[in-house]
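The block underneath contains the structure these notes are about, expressed in structure tokens.
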Amino acid sequence: MNSEPLHLTGVEAVGGRLGRELPAGSVVWLQGPLGAGKTTLARAIARSRGVGTDATSPTFGLVHHYRGPGGEIYHVDCFRLRHPDEAADLDWQTLTASDLLLIEWPERAGAWAPPASVRVRISHVGDDLRRVDLE
Ligand SMILES: Nc1ncnc2c1ncn2[C@@H]1O[C@H](COP(=O)(O)OP(=O)(O)OP(=O)(O)O)[C@@H](O)[C@H]1O
Ligand SMILES: [Mg+2]
């Protein structure tokens with residue numbers, strides 16, 4: 001739990017800590033409204049996991065793929081799913097067999113979204129301030 005409002009650097013620090021502390025195989029749900037900072041946090045997690053750059057290469061559609069020293073990191077953004085059934089096209093077996101699986105808008109994947117090891121909720125407090133709750 002981490003409820004005090006955080007500036008960008010603070011949010012990135014939360015991501016840094018998650019990236020260092022999460023065991024291999026963790027699934028991270030990133031939830032919150034448009035522009036809350038879910039992608040920002042996902043990239044901070046990947047960076048602290050040893051991924052060298054911000055470069056994201058979509059492998060199939062909604063999936064960004066990073067190769068880190070600890071293995072594959074997948075970052076799935078379900079925002080554009082119009083219906084949870086569309087998530088059936090994703091290779092969830094490969095996604096969950098990775099070092100880390102980061103999922104934005106998991107609620108849009110319905111029951112396809114694998115259970116979260118950590119659920120991160122981000123909300124706006126002010127222009128540049130966010131509340132980040134972990135559970
Ligand atoms: N304290 C903060 N924490 C995170 N992002 C911040 C903060 N203050 C400002 N920002 C800015 O807010 C934006 C957040 O964008 P980001 O793409 O990470 O949001 P998102 O939650 O992934 O949105 P979407 O739902 O559209 O995918 C970035 O431009 C970032 O620089
Ligand atoms: Mg995003």
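Where a number appears in this text, it was derived from the coordinates with a stated rule and is not lab data. Computed from a predicted model, the values in this text were never measured in an experiment. Reconstructed Cβ throughout: ideal geometry from the backbone, glycine too, with neighbour counts over all protein chains shown.
Results, tabulated for the structure shown:
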read-out: Dimensions (Å) - the stretch 58-126, Cα atoms, principal axes, largest first; value: 35, 31, 21
read-out: Relative contact order computed over the chain (Cα-Cα under 8 Å; 6+ residues apart), in percent; value: 36
read-out: Relative contact order (%) - criterion: Cα under 8 Å, at least six apart; region: the stretch 58-135; value: 24
read-out: Förster-model FRET efficiency, 30 Å R0, Arg80 and Leu8, C-beta, rounded to 0.05; value: 0.75
read-out: Label point distance in nm, Glu107-Asp89, each placed 7 Å from Cα along Cα→Cβ; value: 2.4
read-out: Charged-residue dipole, Cβ positions (Lys, Arg, Asp, Glu), the stretch 14-117 about Cα centre, Debye nearest 20; value: 400
read-out: If the convex hull is drawn through the Cα atoms of the chain, its volume per residue in Å³; value: 96
